[in-house]
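Asks: Quick one: the structure is below, questions incoming.
The values are calculated or read from the model by the stated rules, or taken from the named source; none is laboratory data. Fair warning: this is a prediction, and the values are worked out from it, not measured in the lab. We place every Cβ from the backbone using ideal geometry, glycine too, and count neighbours over all the protein chains shown.
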Amino acid sequence: MASKTVLLKQENGIGWIRFNRPEKLNALNSQVFKELEEAVAACEEADEIRVVILTGSEKAFVAGADIDQMADADVTDAARLGEISMRAQERLAYLAKPTIAMISGYALGGGLEVALCCDFRIAADNAVLGLPEITLGIIPGGGGTQRLSRLISYSNAAELIMTGEMIKADQAEKLGILNRVVDPGALEDEVKAFASKLIKQPAMALRAAKTAMRRGLEVSLKDGLYIEQDCFCMLFSTADQKEGMKAFMEKRKPLFKGC
Ligand code: CO8
């Protein structure tokens with residue numbers, strides 16, 4: 001049996017999803033997408049996992065979809081790959097837990113698109129980001145034309161997509177693609193510290209915040225405000241809302257239970 005291209009490890013409330021094709025700079029093929037979907041599903045089911053971190057190797061988060069697999073593909077093959085990748089990415093984007101892409105080295109094409117499905121992107125200053133698909137005669141097919149232009153300005157997204165140029169971490173941070181950039185040696189500690197801030201928050205409120213924001217992006221403002229109201233009201237049925245407000249009034253730190 002082929003070795004695992006996506007590894008999952010659970011540690012201190014964090015589900016670590018690691019791309020594991022270092023010899024191909026973690027290029028995404030059908031097997032990687034399927035294993036990514038399985039890993040995300042496992043994180044969804046494990047109550048102990050509160051935050052999910054996706055990462056690759058020092059040289060590459062992911063250098064894109066596997067060009068070897070696509071080179072001789074016909075339209076049917078492309079559609080099949082599209083379905084598999086979309087399933088994994090939808091599952092990741094709508095995972096009801098915070099997700100962080102921890103990026104070192106290349107995050108290109110489908111790799112950047114996977115990172116765009118995460119709630120946060122934190123990178124080492126050696127990171128190189130881009131959507132070079134146009135240089136291969138295609139366009140981003142894993143959400144890049146949609147998610148990037150919803151995250152940053154249309155014209156900045158268009159520049160990356162239509163020139164295919166790669167940019168360094170500091171420029172990606174200025175554009176708002178990255179939440180922060182740190183020294184490569186400090187990357188893991190920075191991401192863990194950030195994850196621990198999230199883990200301290202009440203799980204149901206985190207879930208509600210993510211649902212309201214993700215769903216809200218897809219609908220009109222008015223419908224989004226209704227989604228927010230539903231999520232807001234639902235939280236008044238949780239123990240953590242009672243605890244959070246009681247703790248405030250008693251001038252102490254809340255002790256959240258995640259329910
Ligand atoms: N696909 C397949 N193999 C790759 C890829 C890739 N995307 N990226 C790197 N590799 C392989 C190289 O071929 C090489 O393999 P080998 O040793 O067998 O020759 C190995 O990884 C190491 O790479 P390099 O020797 O090229 O390393 P360098 O440091 O010289 O260069 C680069 C690093 C700049 C990242 C270079 O490898 C590169 O340009 N890679 C391709 C980047 C790219 O164009 N990515 C976009 C791909 S298209 C895409 O992502 C479409 C998304 C659609 C997703 C949804 C599907 C429906």
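Asks: Taking the stated definitions as given, is Ile227 part of a loop (DSSP other than H, G, I, E, B) and either among the β-branched types (Val, Ile, Thr) or without any contact (Cβ under 8 Å) to a residue 12 or more places away in the chain (or both)?
Replies: No: the conditions fail for Ile227.
Asks: How many residues, within the range 1-26, are farther than 15 Å from Gln89 by Cα, within 13 Å of the ligand (Cβ to nearest atom) and not acidic (Asp, Glu)?
Replies: Residues flagged as farther than 15 Å from Gln89 by Cα, within 13 Å of the ligand (Cβ to nearest atom) and not acidic (Asp, Glu) within the range 1-26 amount to 6.
Asks: So is Val6 touching a Gly at 6+ places or on another chain (Cβ under 9 Å) and either among the β-branched types (Val, Ile, Thr) or free of Cβ contacts under 8 Å to residues at least 24 places away in the same chain (or both) or not?
Replies: Judged against the criteria, Val6 is not a match.
Asks: Run down Ala124, Ala93, Ala101 and say which single residue is in contact with a Cys (Cβ under 6 Å, 6 or more places away or on another chain), surrounded by fewer than 24 Cβ atoms within 10 Å (Cβ to Cβ) and of a type in the set (A, V, I, L, M, F, W, C).
Replies: Ala93
Asks: I'd like the full set of residues that are in contact with a strand residue (DSSP E or B) (Cβ under 6 Å, 6 or more places away or on another chain) and among the small types (Gly, Ala, Ser), limited to the range 170-198.
Replies: Of everything in the range 170-198, those that are in contact with a strand residue (DSSP E or B) (Cβ under 6 Å, 6 or more places away or on another chain) and among the small types (Gly, Ala, Ser) turn out to be Ala172, Ala195.
Asks: Go through the residues of the range 195-210 one by one and say whether even a single one is surrounded by 18 or more Cβ atoms within 10 Å (Cβ to Cβ) and basic (Lys, Arg).
Replies: Yes - at least one qualifying residue is present in the range 195-210.
Asks: Taking the range 133-144 only, how many residues are in a helix (DSSP H, G or I), within 8 Å of the ligand (Cβ to nearest atom) and in contact with a helix residue (DSSP H, G or I) (Cβ under 8 Å, 6 or more places away or on another chain)?
Replies: Residues meeting the conditions: 3.
Asks: Any residue in the range 233-257 that is acidic (Asp, Glu) sitting within a Cβ distance under 7 Å of a residue that is in a helix (DSSP H, G or I)? List the pairs, counting only those 6 or more apart or interchain.
Replies: Asp240/Met204; Asp240/Ala205
Asks: Residue check: is Gly258 assigned by TED's automatic domain parsing to the domain that holds Gly64 and among the small types (Gly, Ala, Ser)?
Replies: It is false that Gly258 is assigned by TED's automatic domain parsing to the domain that holds Gly64 and among the small types (Gly, Ala, Ser).
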